[in-house]
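Heads up, the thing below is written out as structure tokens.
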Amino acid sequence: MTNKNTPDDKNKRDFLQVSTYALGAVGAASFVWPLINQMNPAADTLALASTEVDLEQLEEGQAITVTWRGKPVFIRHRTKEEIASAKDQLLDGLRDPQTDEERVQNEKYIVLVGVCTHLGCVPLGQKSGDVKGEYGGWFCPCHGSHYDHSGRIRKGPAPTNLEIPQYSFLSDTLIKIG
Amino acid sequence: MSKPKFKNPVVNWIDYRLPIFTFMNHELNEYPTPKNLNYFWNFGSLAGITLVIMIVTGIVLSMNYTAHIDYAFDSVERIMRDVNHGWLLRYIHMNGASFFFIVVYIHIFRGLYYGSYKAPREILWILGVLILLLMMATAFMGYVLPWGQMSFWGATVITNLFSAIPLVGESIVTWLWGGFSVDNPTLNRFFSLHFVLPFVIVGVVILHLVALHRFGSNNPIGIDVKGKQDTIPFHPYYTIKDLFGLSVFATIFAAAVFFFPNFMGHPDNYIPANPMVTPAHIVPEWYFLPFYAILRAIPDKLGGVLFMFGAIMVLFVLPWLDRSSVRSSQFRPLYKLFFWFLVIDCIALGYLGAMPAEGIYVVLSRLATAYYFFHFLIILPLLPKIESTRPLPVSISTPIITASSNASTVMAMREKK
């Protein structure tokens, strides 16, 4: 009782107090983390993260839309003119400069995530009767973004080109997305 | 404006307009609490914390649960296998229900032992019994949600209790089910009610606390606080004591969650519900067993139901059954004896509720049931007439100071403060 207020004792108390708060914070955080992490994709959701598509039936000038991770993926078998138009485009005029070569694995097939990079609508242009916009590729009806034959943004509010999903050709006409 | 109470000017600005900080300071910081509370007074705050844990884990579980008879069981299994930390959250929630009842039952027996239900705390006690009833309803409906065999047949048996009501019983059961058996409409409404009732409990808990803070806590010797010398501020003395108790509780709780999560459950509930087959041995969760024993002890359908509900109803009127002016068992030798008989009787009822309803178990169940009501309805009202209570101390401080070898030292230390 006599040395209650010595500096040593005060240091000891400070240390105990700080370490108690620190340990308490670690404990609270480790309890809060499962509460937050349970909202992340579950194991079964992650297991559904790849899709295989057979392109055998997809004729030149046709397009199909498949679902991957709950989102539409556009696959278009481009015509020679469309390929030429996409390749000839100079990078100078582009908002998000990318050559067509950077955006395809096989120049016949363009594979895109069909979600406008502005605010997430699905652009038109997959069906033959759709409005395709001023550059002949895709046109987003929500806020008027125009995409070209390579899915690059040319006009309108979208900041970047249509996203290219991760995919690979398992054979000439079989692709695996994801 | 009176002189600022708080150092932080922002806090003062807010407090002048919305006196929330004054309120918290008054009720959680300087709140005068009897200085002689023992560890049995930890269980109120533990129950409150468990309620919060149940609500928090329940909300996140509901984000992953599907209330449909075709998906409910699988969605719970998905929580166990696929949802990130889902197993942990479900085991916390599942064992949390059991621990909630453990804590609340200790809290109730604490109240019985120290006479905490007596004037002027009758409404505080009644609100507590109401919380117990709401907890039972919530726990029962929560147990139905995984849609296992025990869920289904538990729901069937408990809802059928209402069919014992004369004339309208069958109609009430059909109304509860939303059909002619426990089925999808039943599951949907149970999910809805299981979600909302805990918030009703929070409301009643707030009333429970308002009633508590009107006269403050009872204490182990059960006499009123006579002045400042009998109390200490809630903070830091009881906040630290409650936190220490919480850490012990959390350690035991965590041990259950991590090492024996299914100990208090029933394996049959991992079999999907089958309306065509009843499990051979059907028992409710352990916390309902004493009441279940009373239900089965009465050889009459309506009678069994009435006695089972009566076992809780008798608690509502307890403050008027026990008229002794002395609160604490410490000064009531006979009451203390009968208190322990009641504890043994309740444990016996719990054991008998888990046993098959045949042979000696039926006889013992009837005896234990009879004694339960005998305690509340006959012993308690008679006791004050025959019991000679021990003399009460003058104040909470008196026995502590005289017990000290050197009373003057204690007084001197107090003056220094």
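The values are calculated or read from the model by the stated rules, or taken from the named source; none is laboratory data. Keep in mind that what you see is a predicted model, and the values were worked out from it rather than measured. All Cβ positions, even for glycine, are placed from backbone atoms using ideal geometry, and neighbour counts span all protein chains on display. Heavy atoms of the whole protein, side chains included, go into the accessibility calculation; ligands, DNA and RNA do not. Shrake-Rupley method; radii C 1.70, N 1.55, O 1.52, S 1.80 Å.
Remarks
- Residues that are surrounded by 13 or more Cβ atoms within 10 Å (Cβ to Cβ), within 7 Å of chain B (Cβ to nearest Cβ) and not in a helix (DSSP H, G or I), drawn from region A:28-60: A:GLN38, A:ALA42
- When every residue of region B:354-371 is checked against the conditions, at least one turns out to be open to solvent by 40 Å² or more (accessible area, probe 1.4 Å), touching a residue at least 24 places away in the same chain (Cβ under 8 Å) and closer than 23 Å to B:ILE126 by Cα.
- Qualifying residue in region A:26-36 (condition: under 24 Å from the mean Cα position of the chain (by Cα) and within 30 Å of B:THR50 (Cα to Cα)): yes
- Cβ-Cβ contacts under 7 Å between residues 6 or more apart (or on different chains), taken from a first residue in region A:36-60 that is under 16 Å from A:PRO165 (Cα atoms) to a second residue that is of a type in the set (Lys, Arg), are listed as A:ALA49/A:ARG69; A:SER50/A:LYS176; A:GLU52/A:LYS176.
- Set B:THR159, B:THR138: member being closer than 30 Å to B:VAL277 by Cβ, open to solvent by less than 20 Å² (accessible area, probe 1.4 Å), modelled with pLDDT under 95 and not aromatic (Phe, Trp, Tyr): B:THR159
- Only listed residue being open to solvent by less than 30 Å² (accessible area, probe 1.4 Å) and in contact with a strand residue (DSSP E or B) (Cβ under 9 Å, 6 or more places away or on another chain), chosen from B:ALA297, B:ALA311, B:ALA273, B:ALA293: B:ALA273
- Whichever residue in region B:163-191 is touching a helix residue (DSSP H, G or I) at 6+ places or on another chain (Cβ under 9 Å), open to solvent by 40 Å² or more (accessible area, probe 1.4 Å) and touching a residue at least 40 places away in the same chain (Cβ under 8 Å) and, among such residues, is farthest from B:THR57 (Cα to Cα): B:PRO166
- Criterion: touching a His at 6+ places or on another chain (Cβ under 7 Å) and in contact (Cβ under 8 Å) with a residue 60 or more places away in the chain - qualifying residue of B:GLY58, B:GLY48: B:GLY58
- Check on B:VAL326, under 23 Å from B:THR389 (Cβ atoms) and without any contact (Cβ under 8 Å) to a residue 12 or more places away in the chain: no
- Residue within region B:93-110 that is within 11 Å of chain A (Cβ to nearest Cβ) and buried (at least 19 other Cβ atoms within 10 Å of the Cβ) present: no
- Output for region B:114-127, where each listed residue is touching a Ser or Thr at 6+ places or on another chain (Cβ under 9 Å) and not in a loop (DSSP other than H, G, I, E, B): B:LEU124, B:TRP125
- With respect to the conditions (1) closer than 22 Å to B:GLN149 by Cα; (2) within 25 Å of the chain's Cα centre (by Cα); (3) among the small types (Gly, Ala, Ser), B:ALA273 lacks only one, and its number is (2).
- So A:ASN11, is it open to solvent by 70 Å² or more (accessible area, probe 1.4 Å) and either within 14 Å of chain B (Cβ to nearest Cβ) or assigned to a loop (DSSP other than H, G, I, E, B) (or both): no
- Which listed residue, of B:THR33, B:THR66, is among the polar types (S, T, N, Q), under 30 Å from B:THR398 (Cα atoms) and not in a helix (DSSP H, G or I): B:THR33
- Some residue of region A:70-81 being at pLDDT 90 or above, over 30 Å from B:MET54 (Cα atoms), of a type in the set (Lys, Arg) and assigned to a helix (DSSP H, G or I): yes
- Within region B:8-45, tally of residues that are over 27 Å from B:ILE201 (Cα atoms), open to solvent by 70 Å² or more (accessible area, probe 1.4 Å) and of a type in the set (Val, Ile, Thr): 1
- Among the candidates B:GLY128, B:GLY148, residue that is open to solvent by less than 30 Å² (accessible area, probe 1.4 Å) and farther than 28 Å from B:GLY222 by Cα: B:GLY148
- The criterion of at least 1 residues that are open to solvent by 50 Å² or more (accessible area, probe 1.4 Å) and either at pLDDT 95 or above or not hydrophobic (A, V, I, L, M, F, W, C) (or both) is met by the following strands (runs of 3 or more DSSP E) wholly inside region A:92-160: A:153-155.
- Just so you know, in region B:46-90 the residues that are open to solvent by 40 Å² or more (accessible area, probe 1.4 Å), more than 8 Å from chain A (Cβ to nearest Cβ) and within 24 Å of the chain's Cα centre (by Cα) include one that is farthest from B:LEU197 (Cα to Cα), and it is B:ILE49.
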